[in-house]
Structures are given as C-alpha cells and as structure tokens.
Amino acid sequence: MNDGFGIESPARHDPGRLRRAVRHVVVIDAGGSAVARLYSDTRELLAEFDAGAEETASLIAGVPVQHGAQGSDWDQALAGHSMDERTAAEVYRLSV
C-alpha cells in the first residue's frame, strides 16, 4: 500500500519554455483611450491592458520615461498607430 491514499500523485513539473521577460512598457493612445502594452526586448507584444489600471502605475513607478516611439525599431510593433499617436507615446525601459 502506498501513502497516496487512493489519490494519484501529480505529474512531474515540466520545465519547458518560460514566458519572455517584459522589457518595455508603452503607454499609447488607441482610439481615444490609453493602453499599456508590454513588449519583450525583441519588441514582441506580450500583453495589453487599460493604462488606467493600477498595475500600470506599479510597473512604471520610478522608471524614467522616454517620450515618443517614432524610431524604426518600433515600426513593426506599433504598425497600427498613427505617427501622432507614436509621437505622444510614453516608453518605459524596465531593467529586469
């Protein structure tokens, strides 16, 4: 008799691929409301949520802001935004 008391033991943990780390937080206007977009180092979109959420404030607290995301490195990541929206965007580089 085992010590499982009839309950199957859980499977081994799969140490597979982990999520990429967030390196950039971009606060940008999207159709009249501000959104916070989380990007990896390669500018891959990891998440997007309302910029008014308290998570946004905790993510960017104490992080210096860079105004504008007009550079060519942001062209693909922010392709759906106008140049005016990209110019007004706030970019935060996280040092994780």
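The values are calculated or read from the model by the stated rules, or taken from the named source; none is laboratory data. The structure presented is a predicted model; accordingly, all values stated were derived computationally and were not measured. Cβ sites come from the backbone with ideal geometry, for glycine too, and all protein chains shown count toward neighbours.
Quick look at the numbers
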quantity: Which numbered condition SER95 fails, given (1) surrounded by 15 or more Cβ atoms within 10 Å (Cβ to Cβ); (2) at pLDDT below 95; calculated: (1)
quantity: Residues located in region 67-88, provided they are closer than 15 Å to HIS24 by Cα and either under 16 Å from the mean Cα position of the chain (by Cα) or assigned to a loop (DSSP other than H, G, I, E, B) (or both); calculated: GLY68, ALA69, GLN70, GLY71, TRP74, ASP75, GLN76, ALA77, LEU78
quantity: Search result, residues across region 26-58 that are under 10 Å from the mean Cα position of the chain (by Cα), of a type in the set (Gly, Ala, Ser) and not in a loop (DSSP other than H, G, I, E, B); calculated: ALA36, ALA47
quantity: Which numbered condition ILE7 misses (of (1) among the β-branched types (Val, Ile, Thr); (2) touching a residue at least 12 places away in the same chain (Cβ under 8 Å); (3) not in a strand (DSSP E or B)); calculated: (2)
quantity: Residues satisfying the stated conditions in region 9-25, i.e. among the small types (Gly, Ala, Ser) and under 13 Å from the mean Cα position of the chain (by Cα); calculated: ALA21
quantity: Any hit, region 45-65, residues being touching a Leu at 6+ places or on another chain (Cβ under 7 Å) and among the polar types (S, T, N, Q); calculated: no
quantity: One residue from ALA11, ALA79, ALA47 being closer than 20 Å to SER95 by Cβ and exposed (fewer than 14 other Cβ atoms within 10 Å of the Cβ); calculated: ALA47
